1. What is the number of the single condition among (1) at pLDDT 95 or above; (2) touching a helix residue (DSSP H, G or I) at 6+ places or on another chain (Cβ under 6 Å); (3) surrounded by fewer than 17 Cβ atoms within 10 Å (Cβ to Cβ) that PRO63 does not meet?
2. Answer yes or no as to whether VAL133 is among the β-branched types (Val, Ile, Thr) and out of contact with any helix residue (DSSP H, G or I) (no Cβ under 6 Å at 6 or more places or on another chain).
3. Considering region 66-80 alone, what residues qualify as being crowded, with 19+ Cβ neighbours inside 10 Å and in a strand (DSSP E or B)?
4. Go through region 82-129 residue by residue and tally those that are aliphatic (A, V, I, L, M) and assigned to a helix (DSSP H, G or I).
5. Sort out which residues of region 21-31 are in contact with a strand residue (DSSP E or B) (Cβ under 7 Å, 6 or more places away or on another chain) and either farther than 13 Å from THR137 by Cβ or of a type outside the set (S, T, N, Q) (or both), and write them in order of number.
6. Can you list residue pairs whose Cβ atoms sit under 6 Å apart, with the first residue in region 1-20 being charged (D, E, K, R) and the second being surrounded by 13 or more Cβ atoms within 10 Å (Cβ to Cβ)? Count only pairs 6 or more apart in sequence or on different chains.
Amino acid sequence: MSNLEHLTPDNCAILLIDHSDGFVLTIGSGDRTAITYGAVALARMAKLFDVPLIATNAPPEGPGGPLVPQLMDALGDTAVIVRPGGPMDSMDDPGVKAAVAATGRKKLVLAGVLTEVCSTFTTISALSQGYEVYLVTDACGGLSPESHRYGIERMMQAGAIPVSWTSVLAELQRTWGGTNAATAGGVVDIITRSNNNWSHLNSFYSAFAPAAAAIG
């Protein structure tokens, strides 16, 4: 594997960490709703492209509580791996570590709350174990803008590749036609639900060309 090789549905897995009701409330680095949208979008694209999806959380009876309802809906039949004792590094949990290994994928698309804790620790461990980590920076949130930024910088210095959830979605789709036409409608649906600027572009374009699926 190489970071010069594009992400495809056949070579990556997605890991989502601790996007819980309580921890989302601690985010001070950006818009909490937008970060939640990012995690939900990653779960939905995993389902759309049949990409292995791992979701984990600390025990829900703790201060973080359960994963946010929107994410639980997007996970569908994907079970949440609860980490007994709540290790902050998800790769310290045997269940998470085994689930990641069982995917057989070395490219790991990762997002977690908080950026400077669960995302950073898990990323560094995954890198040390031979995975390529694609850090989805807009599906992570830190306690402050500084802690979010420095967490990302630390992960990049360790070898992580920063991406956005939109770039992951577009990279998995690659083209609107040909053999990828079957997933184009699902991609547009994820974008439309995201409430970002691309979703507004789709709405604007659809008003003038209702039959068009998307612009990209």
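1. Of the numbered conditions (1) at pLDDT 95 or above; (2) touching a helix residue (DSSP H, G or I) at 6+ places or on another chain (Cβ under 6 Å); (3) surrounded by fewer than 17 Cβ atoms within 10 Å (Cβ to Cβ), the odd one out for PRO63 is (1).
2. Values: among the β-branched types (Val, Ile, Thr): yes; out of contact with any helix residue (DSSP H, G or I) (no Cβ under 6 Å at 6 or more places or on another chain): no.
So VAL133 does not fit the description; no.
3. Result: LEU67, single match.
4. Restricting attention to region 82-129, the residues satisfying the condition of being aliphatic (A, V, I, L, M) are 82, 88, 91, 96, 98-102, 108-111, 113-114, 117, 124, 126-127.
With assigned to a helix (DSSP H, G or I) added as a condition, the list becomes 91, 96, 98-102, 117, 124, 126-127.
Matching residues across region 82-129 total 11.
5. Filtering region 21-31 for residues in contact with a strand residue (DSSP E or B) (Cβ under 7 Å, 6 or more places away or on another chain) gives 23-24, 27, 29-30.
Result: PHE23, VAL24, ILE27, GLY30.
6. ASP18/ASN57; ASP18/GLY112; ASP18/VAL113; ASP18/CYS118
The values are calculated or read from the model by the stated rules, or taken from the named source; none is laboratory data. Since the structure is predicted, the reported quantities are computational estimates derived from the model, not experimental observations. Don't worry about glycine lacking a Cβ; one is built from the backbone with ideal geometry, like all the others, and counts go over all protein chains shown.
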